[in-house]
Amino acid sequence: IRCDETVIDLLTRVPVTFHQADNRHTIILVQTTSNKKSRTFMDFEKVSMAMDGVCTMFEKRLKEMYPHMKDITYDIADLYNYVDALADLSAMVYEPKINAYLPYNKEWVKKKAFAHLKKQAGQ
């Protein structure tokens, strides 16, 4: 059972906490519309690269929406709105301690994307 960053071992009922390292293989699962045929995935070597991938996906969408604009700027609220508007978005992050992938939802992706962008901006 997963609760935030803690997994409850179902056999021992003992919480096992995982410290998210950036160098964990990450798979982003996305469904852009209600049509199940819009499902796809993106595969990354690191969590930070996955967050770049989510931002790039959003930036491509902005370019499709505003093809006449050379420079497009956005703030974190715009990215959050885009993520919230997706039919589904989740991340699977490899955890070597259990040799398995742990699932994370949209809220986790938004939190990680914000931290990643903040780090890139040098804040």
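Taking (1) surrounded by 12 or more Cβ atoms within 10 Å (Cβ to Cβ); (2) at pLDDT 95 or above in turn, Ile98 satisfies each apart from (2). Selection over the range 55-73 of residues that are under 26 Å from Glu45 (Cα atoms) and either in contact (Cβ under 8 Å) with a residue 12 or more places away in the chain or among the aromatic types (Phe, Trp, Tyr) (or both) gives a count of 6. Condition (residue is surrounded by fewer than 18 Cβ atoms within 10 Å (Cβ to Cβ) and assigned to a loop (DSSP other than H, G, I, E, B)) applied to the range 104-117: is it met by at least one residue? Yes: the range 104-117 contains one or more residues that are surrounded by fewer than 18 Cβ atoms within 10 Å (Cβ to Cβ) and assigned to a loop (DSSP other than H, G, I, E, B). Quick one: in the range 47-89, of everything that is assigned to a loop (DSSP other than H, G, I, E, B) and at pLDDT 95 or above, which residue is least open to solvent (accessible area, probe 1.4 Å)? Among them, the one singled out is Leu86.
The values are calculated or read from the model by the stated rules, or taken from the named source; none is laboratory data. Keep in mind that this is a model prediction, so the values were computed, not measured. Positions of Cβ are backbone-derived with ideal geometry, glycine not excepted, and every protein chain shown enters the neighbour counts. In case anyone asks, the SASA skips ligands and DNA or RNA and just uses the protein heavy atoms, side chains included. Shrake-Rupley method; radii C 1.70, N 1.55, O 1.52, S 1.80 Å.
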